Amino acid sequence: MPKLKNLSPLKKWFKDGFNEPLIIAGPCSAESEPQLMLTAKKIAELGKVKIFRSGIWKPRTRPGNFEGVGSEGLEWLSQVKKETGLYTAIEVANPEHVELAIKYGIDVLWVGARTTSNPFSVQKLADCLKGFTGPLLVKNPINPDINLWIGALERFYKAGINKIATVHRGFYPFEATTLRNIPKWELPIELKSQCRNLPIICDPSHISGNREFIYEVAQKALDLNMDGLMIETHYHPTVALSDMNQQLTPKELEELLENLVLRRASTRNSDFTTNLETLRDQIDSIDQQMLELLSQRMNVVEEIGRYKSENEVKILQLRRWEKIISTRVKLGKTLGLSEDFVKKLLQLVHKESIQKQTEVMNKIVLAEKKKS
Ligand code: PEP
Ligand code: MN
């Protein structure tokens, strides 16, 4: 169990307060002083953004791409802070970055996804962050491993940092996908249920990879109870030196923030509560029936396992499996269930069936061995 018990609540992070959700915006990378200042001023004018983000050192997957302006950008950020009043945030990946960020008065530090994926790097950062009082944002690791994610948070927490939030930026997709990174929403949900007081900020820009999907992802994040959004914004995205397809203009950011629907976590309205309870009763009863049916199905599977064993027939019957998939997908469609959902569900059931049949067959073999 994670021991992130005494985290400072997000609401208390800034003496001058902020309106929830916490909005962080700014370019993927700092490119020049005018680019930074122009973008920051336009963002500040919206009056809705608390923190100005900007990458100074850029972790690029392959060398040769723009790798950031380096420490020169820290001066520009000090200027941004002075002229706009926005809090500033940069990514840090090693002790030298941390030292410089602190020297230049950067308010918020974030740890990138590639760094979070490596416990050695995380520990090095945690060691040099001892005594750092400002907020620290920890992005999820590239791979969807919740323990690696929690482990990184614990290392920073153990170093005495208590203003910690995590940033959900999605996970590396192994297959071609519409979104740049797979959100795997079940992971931040699981994290929230394990670490109730951990603020989670969604980064719809890196999840989407394309400005077209940012609104949809951001709205979903808010509906799933996330505490804030980090949105890459550039005064002129088409000339951006990194992540040009996913950056919004300040005007687009304004529209996005205006269009997001801020739904309540719950309501005291008694009609709503009664109706919701009735619907939930139905769900409870359907779940019970579903589990009873699955249990019956597994009993039949065990019988099949015994029967195949007696007749020395292999477990996997490929033709039968293909027929199951195609007929169930067809049936699912007529019932309004998507192909993807039906396939995934059946794959899970089939995996368990194979496991059950294997157990049955092994038991029979063992019993026979004992007899002889
Ligand atoms: C970034 O925020 O620009 C960045 C590099 O993100 P990530 O670490 O999520 O890839
Ligand atoms: Mn980026």
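Each value in this text was obtained by applying a stated rule to the coordinates, not by laboratory testing. This one's a predicted model, so the numbers in the text were calculated from it and none came from an experiment. Cβ: placed from backbone, ideal geometry, glycine included. Neighbour counts: every protein chain shown.
General observations
- Scaled radius of gyration (Cα, divided by 2.2 N^0.38 Å) that segment 209-338 gives: 1.79
- Most positive-pole-ward Cα, 218, 324, 259, against dipole of the chain from beta carbon charges: 324
- Each principal axis of the chain carries a Cα extent, and these read 82, 54, 42 Å when sorted largest first.
- Dividing the Cα radius of gyration of segment 270-371 by its Kirkwood radius returns 1.15 for Rg/Rh.
- All lysines inside 29 Å of residue 41 as judged from Cα atoms, apart from same-chain residues fewer than 8 positions distant: 11, 12, 15, 50, 58, 81, 82, 103, 139, 163, 220, 251
- Counting other Cβ atoms within 10 Å as a rough exposure proxy, the listed residues 115, 61, 273 run 61, 273, 115 from fewest neighbours to most.
- By other beta-carbon atoms within 10 Å, ranking 37, 290, 226 with the fewest at the front produces 290, 37, 226.
- Within segment 7-91: Cβ-based charge dipole about Cα centre, in debye rounded to nearest 20 (Lys, Arg +1; Asp, Glu -1): 340 debye
- Fewest-first sequence of 99, 154, 31 by Cβ atoms within 10 Å of each Cβ: 99, 154, 31
- Highest-MSF residue in the chain out of 266, 193, 338 [GNM, Cα springs under 10 Å]: 338
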